[in-house]
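Contents: one structure, followed by commentary.
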Amino acid sequence: MAYGVTIKVGAGKNVGRKLRHDFMVIGYTQHPLTATASGFMATMPMPQNVNVKASCYALVAWINVPYGPTPIQAAGWPDISPPC
């Protein structure tokens, strides 16, 4: 996720304007959970080479049933770089 992203609009009713976006998804990956003796786990790589200039970034994760969009659990870690 990225906060404070400014994008110049190239078409439509806002053409030529600069719009600020917060909570913008800039990378996405999915991995299945693996059952372990102490619960479940998943190992996922951090997005690399993100070409979005933002005032700060955050990591967000959620768990849902297979093929279901409704989250069972969600968590976020703001201020991963630089601090907001």
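The values are calculated or read from the model by the stated rules, or taken from the named source; none is laboratory data. Predicted, not measured: the structure shown is a model, and the values here were computed from it. Ideal geometry is used to build each Cβ from the backbone, glycine not excepted, and the neighbour counts take in all protein chains shown. Side chains are part of the model used for accessible areas, which takes the heavy atoms of the whole protein and leaves out ligands, DNA and RNA. Shrake-Rupley method; radii C 1.70, N 1.55, O 1.52, S 1.80 Å.
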Per the filter on the stretch 30-60, residues β-branched (Val, Ile, Thr) and more than 19 Å from residue 78 (Cβ to Cβ) are 34, 36, 43
With the first residue restricted to the stretch 58-71 and required to be under 15 Å from residue 42 (Cβ atoms), and the second required to be outside any strand (DSSP E or B) and small (Gly, Ala, Ser), Cβ contacts under 6 Å at 6 or more apart or on different chains are none
Given the condition open to solvent by 50 Å² or more (accessible area, probe 1.4 Å), under 18 Å from residue 64 (Cβ atoms) and in contact with a Phe, Trp or Tyr (Cβ under 8 Å, 6 or more places away or on another chain), answer yes or no: does some residue in the stretch 9-26 qualify?
no
Heads up, the strands (runs of 3 or more DSSP E) in the stretch 34-84 (entirely inside) with at least 3 residues that are open to solvent by 70 Å² or more (accessible area, probe 1.4 Å) and at pLDDT 80 or above are 71-81
